[in-house]
Every structure is written in structure tokens, then in C-alpha cells.
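Each remark here refers to the structure printed beneath this line.
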Amino acid sequence: MRLKGNLILFSVAVIWGVAFVAQRVAAQSVGVFLFNGARFLLAVAVLLPFTLKTPWKVEKSGLRWVSLAGALLFMASALQQAGLRWTTAANAGFITSLYVVFVPLLLVIFWKERLPWLNWAAAFVAILGVKLLSAPGQFQLAPGDSLELAGSGVWALHVILVSRVVRRLDALQFSLGQYLVCGLLNLVAAIFLDWETAAGLATAWWAVLFGGAISVGLGYTLQVIGQKYSPPTDAALILSSEAVFAALSGYLFLKEGLQPIQLAGCGLILAAILIVQIWGIRQSSPQETSPVSNPGFE
């Protein structure tokens, strides 16, 4: 059963990695908010049949957490999608994955938790990796990569929130609610800010379909199923490989290459991610879910 769970999670990592290509294509013709609104509302339609089979378990007291999660998802996905207009799928994938490093740092800042020196070392390695990956030869962040880095910080806040409240709520119903909040916020923003890009949906419809039905809707559902059989150790490491598939997909479908110095940066970021995940897993019990594992939102 463990192998079955790992294979499912591996397919999720592939889906999320390829999703960066779909988002990159959509970013060239559809506004940030219109695209995100369409794909998250589509994800609601995909998940809704699964939630109808069980009684509604999210009480009024939990709605504020669902709303807050949806708002964070709105901000994180907007920064990610905006950044993809000026950066590659590979850069977006690796930089977004830095939420794994940011989670323990934010826990120190806002929740006063103690942070082992190994996490600080991983943060330094990650920052160096981003520098090498972005604007090679200039040692500075390109505009699109800056947006991805900011988005990664918001993704980290979202991970912390989800890890602390989802244990008290039904996972699928919680996801449905936050997708609905995120989709509606994007739809309102799109009406005022980028509705003129609606014509671009005619060419980017497949990206919306993949991003909503496959990446968000199907990807999250498969993650839930896979983690029923796969221990946190396997899940965290397998799901973090989405960055590699983002780079590979960008190369295969968009002909986006990486210079040697950028490959070195990717290697440093992966090393930082693995350091944080392996250390966090060793400090938690086998029954606990690692707070830095991917929440399934891309």
C-alpha cells in the first residue's frame, strides 16, 4: 500500500510541475485575476461532487479559517501568476518551492518557535540558490522572480494555516470553501482590473482547464488519497520534486533552457528544501503530518 501511495503522490508532483507550463502560457494572454478566477471556480466544480457524499462538517466557527485560507490563496496565486509573465516555468517552480524553507522561519517570527541552526543554514543556501537562478551573471533578482519569491512567503503562511486547522475540519470541504473564496475574490478583481483580457480565454482555454480541473481539482484529490497510504517522509520528498518537473516541462514544451549557473542555483534550492524536510520529519513522530509538506495548492 505504501508503494501505491508513493506512486499516486509522484503523479501529483508531475501534474503540479506541468501546471507551471499551463500557467506560463496563460500569463501571456489572460489577466492574472481572470485566469485564477476561472481555474479556481472550475476546481470548485470538480470537487463539489466529492463533498456531497458526506454531511457538511464545517461549522460557523470554522468559516473564518476557510475565508482566511481563501484570501491567502488569492494573494499567493496572484503573485505566482503575475510573476510567470516575466520568468520561466523552471524559475517559478523552484522559487515557489522555497515555501518549505520559509515555513520554519515564519514559525520563529510569529509563533516564537525555536529554530535549529540547520534551518538557518538551509535558508542561507536557498537565498544563494535564488540569486544564482535569477538574472544569471548579475547576481540580482529579476522582476518576475521577485514576485515568485514574495508569493512563496504567502504560500508559507497558507501552509501554516492549513496545517493548524485542517485537522479539525473535513479536508475536501475545507478545500472547496477556500477555492470558492479565492475564485470569487479573483472574479471581483478581474471585473475591475483585467476583464479586457477575456478574449484571451479563447486561446488559453486548455490552460484554464488543466489548471482548474487537473492541477487544482484532481491534483489535490489525488494528494489526499496518496497520503492515506504514504508516510510523511515519503510524501514531503516526493511532492517537492514538482520543481524538477516544472523545469523539465518548461524545457520540453516551451524550449526554456537553463544556463550552468542557473542549474547550480536549482541544485542549491533543492538541497535547502531537502535539508529542511528531512530534519523536520526526523523531529516529528511517524503519525504526524509534516507542517512543511506541500498542501496541494499550485
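Observations on the model:
- The residues on offer are 63, 72, and the sole one that is over 30 Å from residue 255 (Cα atoms), touching a helix residue (DSSP H, G or I) at 6+ places or on another chain (Cβ under 7 Å) and either of a type in the set (D, E, K, R) or in contact (Cβ under 8 Å) with a residue 12 or more places away in the chain (or both) is 72.
- Pick from the stretch 1-26, criterion among the small types (Gly, Ala, Ser) and farther than 15 Å from residue 94 by Cα, ranking: surrounded by the fewest Cβ atoms within 10 Å (Cβ to Cβ): 11
- Within the stretch 253-280, the only residue that satisfies the criterion of being modelled with pLDDT under 80 and of a type in the set (S, T, N, Q) is 277.
- Hits in the stretch 1-52 (condition: outside any helix (DSSP H, G or I), in contact (Cβ under 8 Å) with a residue 40 or more places away in the chain and not small (Gly, Ala, Ser)): 1, 28, 30
- Residue 107 meets all of the listed conditions (1) crowded, with 17+ Cβ neighbours inside 10 Å; (2) closer than 27 Å to residue 247 by Cα; (3) within 20 Å of the chain's Cα centre (by Cα) but one, namely (2).
- Every test in (1) among the hydrophobic types (A, V, I, L, M, F, W, C); (2) under 18 Å from the mean Cα position of the chain (by Cα); (3) modelled with pLDDT of 95 or more is passed by residue 34 save one, and that test is (2).
- Tally of residues being under 20 Å from residue 172 (Cβ atoms) and not charged (D, E, K, R) across the stretch 20-60: 17
- Out of 141, 106, sole residue that is modelled with pLDDT under 80, closer than 20 Å to residue 155 by Cα and out of contact with any Pro (no Cβ under 8 Å at 6 or more places or on another chain): 141
The values are calculated or read from the model by the stated rules, or taken from the named source; none is laboratory data. Since this is a predicted model, take the numbers as computed values, not measurements. Heads up, the Cβs are rebuilt from the backbone with ideal geometry, glycines too, and the neighbour counts pull from every protein chain shown.
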